[in-house]
1. Below 10 angstrom from the Cβ of LEU68, what's the summed charge of the other residues (Lys, Arg +1; Asp, Glu -1)?
2. What does the charge add up to near VAL159, with Lys and Arg as +1, Asp and Glu as -1, over the other residues with Cβ less than 13 Å from its Cβ?
3. Mind checking the full-extension length gain between ALA166 and ARG58? Use 0.36 nm per residue of separation minus the Cα-Cα distance, one decimal, nm.
Amino acid sequence: MSVPTFGTLCQFADGEDRFRRILKSMKALLLTVVAVSAALCGVAVAQDEKPVPKDSVRVYVPGCSKGLIFTAGPRTEDQPGRTNVPEGTHFRMNGPKKLMTEIKAHEGAVIELTGLIRKTPNLEQGVRVAPGVRVSPGTSGASASFGHDPNVSQTVIDVESWRLAAAGRCASR
């Protein structure tokens, strides 16, 4: 009886050795993993921008912030996403705490917000008499009060991202 050698243990009936067969299967597995990873990364990049709900619109607005209030600035020609947002419109900003902290750190500088607002007719309420000034009907004399009116809702912008504008400082009042 002969003692089996390493060469005879690794040999298959068809003559191909075991090492080469394992190497081929590992290459195929590696290519599969790379292909699946690339496909998943493509899906993740595509999902980076949230879908816009039917009752909202994505806007791009330059302006100034003070606390959680953002005031829209003048429109420029290179802003295709700014629809029906008149200069001087006030928004209440809503977003992740980290994002709000970053924006608050840049108060006084002109910033550009990208976010979602609900499609409502109240952006154009009243008559524009000057940039940032609109006159609209108020409450009746019997129920009129000074200060905040709880019946008037403030437009909210769900902030997705922001960046510093090319130049400019906010006017202090």
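1. +3
2. Result for the local shell: +3.
3. That works out to 36.8 nm of additional length.
Readers should treat all values here as calculations from the given coordinates under stated rules, not as data from a laboratory. Quick caveat, the model's predicted, so the values are computed rather than measured. Don't worry about glycine lacking a Cβ; one is built from the backbone with ideal geometry, like all the others, and counts go over all protein chains shown.
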